[in-house]
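Reading through the structure tokens given below for one structure.
The values are calculated or read from the model by the stated rules, or taken from the named source; none is laboratory data. Everything quoted here is computed from the prediction, not taken from an experiment. All Cβ positions, glycine included, derive from the backbone under ideal geometry; neighbour counts span all protein chains shown. The protein model used for the area step is the full one, side chains on, heavy atoms only, and it has no ligands, DNA or RNA in it. Shrake-Rupley method; radii C 1.70, N 1.55, O 1.52, S 1.80 Å.
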Amino acid sequence: MMHPKLVSTSIAHRLLDGLFAALWACVIAMTAFAIYILSPFGARDRDAARERMSAEIKMESRDFCEKFGMPVGTDQHLQCVLELDKIRANQDQRTLSVDLP
């Protein structure tokens, strides 16, 4: 029969070994993620996402202004788009000020 102290020690060693393995797995995953983010592939994906977002915002602005009777190519449409840009910039600023301490 095993001594109780030996049993608890072996359980503790197995638990610590598992935690150590999990810690190393996290370190490896975070390192891989950092390499991806800092690599040209990460930058390319971020640039592509920014371009998609910019195109979506442009379409939303066009559709919004046309919906309210300001066709593309008119001065009213241009003013509408500029005002929407101001609204979005103000909202971005508010969001940033809330996120920062």
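Looking at 27, 72, which is the one that is surrounded by 10 or more Cβ atoms within 10 Å (Cβ to Cβ) and outside any helix (DSSP H, G or I)?
Values: 27 fails: outside any helix (DSSP H, G or I).
Residue meeting the stated conditions: 72.
Take the range 32-46 and flag every residue that is open to solvent by 80 Å² or more (accessible area, probe 1.4 Å) and either touching a Lys or Arg at 6+ places or on another chain (Cβ under 7 Å) or modelled with pLDDT under 85 (or both). Walk me through it before giving the result.
At the first step, the residues of the range 32-46 found to be open to solvent by 80 Å² or more (accessible area, probe 1.4 Å) are 33, 35-36, 38, 40-41, 44, 46.
The answer is 36, 38, 40, 41, 44, 46.
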So, in the range 47-69, exactly how many residues are of a type in the set (Asp, Glu) and either open to solvent by less than 70 Å² (accessible area, probe 1.4 Å) or over 30 Å from residue 37 (Cα atoms) (or both)? 2
